[in-house]
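The values are calculated or read from the model by the stated rules, or taken from the named source; none is laboratory data. Note that the structure is predicted; figures quoted are calculated from it, not measured. Positions of Cβ are backbone-derived with ideal geometry, glycine not excepted, and every protein chain shown enters the neighbour counts.
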Amino acid sequence: MGVVDSWYQNMCYWIIGTLTCDARTTARYIGFHKGIQSVGAAVAWQLVARNVPFVAQLAVNWAVLVVSLPSMACVVMRIEDRALDDRLMYLSPRTNKSFVSHNSGFEMSATPKKPNRLTAAII
């Protein structure tokens, strides 16, 4: 069952990673996901502490899985296919405007370029 759990976790992290390009929002989604995992661990611990039969524990696990799959499928179907564009990484989440110019001065070229404001601040 450990392999199936890792596949499920991998799918969850893939979904969370595709929902937004903003690191703060992604961190909040991951935190919520980890909170739900902790609740699940607490429920599992209580099931063991109360000597609930293993078949009942298995039934609870399958019930949670069956409930979560349709909602996961709905989220996956709504994920937009984004083009891999460098500008997506540099969009400000609040203004949706690029705060780094597309010509940031880090391109590999034979002729040196005049640094822009960002590279001048770094240098």
May I ask you to list the residues in the range 28-61 that are more than 30 Å from the chain's Cα centre (by Cα) and either among the polar types (S, T, N, Q) or loosely packed, with under 13 Cβ neighbours inside 10 Å (or both)?
Val48, Ala49, Arg50, Asn51, Pro53, Phe54, Val55, Ala56
Would you mention how many residues in the range 62-87 are within 19 Å of the chain's Cα centre (by Cα), at pLDDT 90 or above and surrounded by 10 or more Cβ atoms within 10 Å (Cβ to Cβ)?
0
Taking the stated definitions as given, is Arg24 surrounded by 10 or more Cβ atoms within 10 Å (Cβ to Cβ), part of a helix (DSSP H, G or I) and of a type in the set (D, E, K, R)?
no
